[in-house]
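Only one structure is covered here, and it is reproduced in the block below.
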Protein chains: 2
Amino acid sequence: MHNTSMDCIFCKIIARKIPSDIVYEDDDVLAILDIAPINPGHTLVIPKRHVRDLLDVSPEAAAKVISVAQRIAPALLKVTGAPAFNCSINNGPASGQVVMHLHVHVIPRHPSDGLISWVHGKYEPGESAALAQRIVAAMAVMPKV
Amino acid sequence: MHNTSMDCIFCKIIARKIPSDIVYEDDDVLAILDIAPINPGHTLVIPKRHVRDLLDVSPEAAAKVISVAQRIAPALLKVTGAPAFNCSINNGPASGQVVMHLHVHVIPRHPSDGLISWVHGKYEPGESAALAQRIVAAMAVMPKV
């Protein structure tokens, strides 16, 4: 018995109320092909329990979905011929998370496919050291996950 | 004593041969600010042992770096005011991995910053079902990580 959310498309997929292309399943995790793949074979590894994101899940449950991603990735590379992959979790709408049920993207990548682009910035002198100190201070007063 | 690679910039940072802005450290993991951040506070969580990527590391070691990312993320959000974050691992040069020493990117994200863009595709009818079957078959003959 897993916690579910009535309005969650992933909970409906897990409950077989919506069809999907399943690549892996065990008691805790379902892995399916993304219907709007960045590249063919783009897979979503989803805990069956309805949790929102990495801030809503125990380290043990996070470890479980990551370990499944580790098992799936070699098969994705073999089948798609991709030499590389991204393993990404979006946490919150501003990060690109569309379904508010934790999922790990495993995305086969090919040389120069240019499909995920990162725009890098630069710190002013001293800016990063000051920022690091504020992060350390914030962590010191936070409860452990 | 950790495995190191003579030519690895992260091993040199871990050994304090190159300076960095450290936000977290324990026996197994170092977390630093990325010097070319996608957004301020962009953090790299790095296992001290020199391993290449998710395919080169035990589930236990992967779980450790992810658990540190889970601990750091709330502090990053608090300090930067970001409501969301990406947690991403690039595996192989074609995925955007630049330093061949496993690292988890924890990237604060703001609404409409548009800093990471994903170009989504679409499967032809039947294509995804056939692909899923091939992935399942490939997993069936692979050794467990």
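The values are calculated or read from the model by the stated rules, or taken from the named source; none is laboratory data. Note that this is a predicted model, so its numbers are computed, not measured. Every residue, glycine among them, receives a Cβ derived from its backbone with ideal geometry; neighbour counts consider all protein chains shown. Remember, those area values only see protein heavy atoms, side chains included, never the ligands or the DNA or RNA. Shrake-Rupley method; radii C 1.70, N 1.55, O 1.52, S 1.80 Å.
Odds and ends about this structure:
- A:I38 more than 12 Å from the chain's Cα centre (by Cα), hydrophobic (A, V, I, L, M, F, W, C), closer than 21 Å to A:P93 by Cβ and facing chain B (nearest Cβ under 7 Å): yes
- Members of the range B:3-25 that are touching a residue at least 40 places away in the same chain (Cβ under 8 Å) and either of a type in the set (A, V, I, L, M, F, W, C) or surrounded by 15 or more Cβ atoms within 10 Å (Cβ to Cβ) (or both): B:T4, B:C8, B:I9, B:F10, B:C11, B:V23, B:Y24
- On inspection, B:A138 passes the criterion of being over 25 Å from A:L54 (Cα atoms), within 8 Å of chain A (Cβ to nearest Cβ) and without any contact (Cβ under 8 Å) to a residue 24 or more places away in the chain.
- Listed here are the strands (runs of 3 or more DSSP E) enclosed by the range B:26-145 that have at least 1 residues being open to solvent by 20 Å² or more (accessible area, probe 1.4 Å) and in contact with a Lys or Arg (Cβ under 8 Å, 6 or more places away or on another chain): B:116-118.
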